[in-house]
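J.: Take a look at the following structure, please.
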Amino acid sequence: MSPNQRLAFYDFDGTLTSGNIVRRYAYFTLHQPSMSRAVLKFSKLLLSIPPWLVMEFRSRRRFNEVFFREYHGMREHVLRGQSRQLFDEKILPSIYPDTQVLLEEDRRQGFLPVLVSGELDVALDEVIRYLGFQAAICNRLVFRDGVATGEVEAPLIAEDEKVRAMEDLCRQFGTEMKQCKAYSDSFSDLPMLEAVGVPAAVNPDRRLKRVARERGWTILDLKRGIDVKRRREPSPGGTAGI
C-alpha cells in the first residue's frame, strides 16, 4: 500500500450498471433448491415491489433494512454457489460498456478504484473480480449455521454510513477525502459526493442532476459513452474536472 494513495469511489446500481438489487434478489429467489419455496418467495417479491419503491424514495437506509430480511432462510453455500451464474447471466450484460473506460482512465490518473454499494457481497464478488476493484464497501448478510438470518452485519451501508466507511478506508490508505473522487447516479448518495474533492454525477436522477448543475459538478452519461480524452486531470482538492 503506497502512502497518500488517492481513491476513486464508485456507486454500482444505476452508475456502472442498469441492474439493481431487487432483480438480483429475484434471480436468487428463482434458483432456490426448493421449487415451492422459490415460487412463494417470488410471489411475495412481486407484491412487495410497489411499497418498496415508495420506501426507497423516502429512505434508502430503511429500504435496505426491510429488503434484506427477504433473504431469511436462504443458505450461504447456495447463494455463493450461484454468484458466478448470476454474474454471467444478469450482471455482466447490464454493465454499461464505458464502465471499463472510466475505471481505466482513473487508474491512469493514479486513482485506486473502490466499489461502494448497498448491495450484498454474495452478489458482488464476481463484479469486484471482473472490474478489478482494489477494495469494496458493501453489506454482508449474517449467517447462522449457514443460513441467512435476514440481518446484515453492522454497520448497514447506506447514505451517511457510506461516507464513514469511505473515511475509514482513506485513513487506511493514508489519504484524505478531498483528494479522492466519487461517482453516483442517485440523489440519495449526495453525502458521498459532497465528501470528496472531485464528485461526478453519472446517469443522474432528476434531483441529483439539478444539484450537479447548480454546483458545477461533472455530469457523465455512461449509457451514451464518455470521451476520456476530454476529461481533465483534477487538481488536488479541486472539482474542476474528472
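The values are calculated or read from the model by the stated rules, or taken from the named source; none is laboratory data. Since the model is a prediction, treat every value here as computed from it, not as a measurement. Here the Cβ positions follow ideal geometry from the backbone for every residue, glycine too, while neighbour counts run over all protein chains shown.
J.: Go through the residues of the stretch 101-124 one by one and say whether even a single one is over 19 Å from the mean Cα position of the chain (by Cα), surrounded by 15 or more Cβ atoms within 10 Å (Cβ to Cβ), in a strand (DSSP E or B) and of a type outside the set (Ser, Thr, Tyr).
T.: Checked against the condition, which is being over 19 Å from the mean Cα position of the chain (by Cα), surrounded by 15 or more Cβ atoms within 10 Å (Cβ to Cβ), in a strand (DSSP E or B) and of a type outside the set (Ser, Thr, Tyr), the stretch 101-124 yields no hits at all.
J.: Residues that are at pLDDT 95 or above, charged (D, E, K, R) and surrounded by 18 or more Cβ atoms within 10 Å (Cβ to Cβ): does the stretch 185-194 have at least one?
T.: So far as the stretch 185-194 goes, yes, one or more of its residues are at pLDDT 95 or above, charged (D, E, K, R) and surrounded by 18 or more Cβ atoms within 10 Å (Cβ to Cβ).
J.: I need the full set of residues from the stretch 82-101 which are more than 17 Å from Glu119 (Cβ to Cβ) and touching a strand residue (DSSP E or B) at 6+ places or on another chain (Cβ under 9 Å), in order please.
T.: Asp98, the sole residue that qualifies.
J.: Out of all the residues in the stretch 195-206, which are crowded, with 24+ Cβ neighbours inside 10 Å and of a type outside the set (Gly, Ala, Ser)? If you could, list the steps in order and put the result at the bottom.
T.: Our first condition is that a residue be crowded, with 24+ Cβ neighbours inside 10 Å; within the stretch 195-206, this holds for 196, 198-202, 204.
Val196, Val198, Pro199, Val202, Pro204 - these are the residues of the stretch 195-206 that are crowded, with 24+ Cβ neighbours inside 10 Å and of a type outside the set (Gly, Ala, Ser).
J.: Working only within the stretch 109-132, note down all residues that are in contact with a strand residue (DSSP E or B) (Cβ under 9 Å, 6 or more places away or on another chain) and either without any contact (Cβ under 8 Å) to a residue 24 or more places away in the chain or farther than 17 Å from Thr17 by Cβ (or both).
T.: Those that are in contact with a strand residue (DSSP E or B) (Cβ under 9 Å, 6 or more places away or on another chain) and either without any contact (Cβ under 8 Å) to a residue 24 or more places away in the chain or farther than 17 Å from Thr17 by Cβ (or both): Gln109, Phe111, Leu112, Asp121, Ile128.
J.: I would also like to ask the following. Which residue out of Ile226, Ile242 is in contact with a helix residue (DSSP H, G or I) (Cβ under 8 Å, 6 or more places away or on another chain) and at pLDDT below 95? Give the derivation first.
T.: Working: Ile242 fails: in contact with a helix residue (DSSP H, G or I) (Cβ under 8 Å, 6 or more places away or on another chain).
Result of the check over Ile226, Ile242: Ile226.
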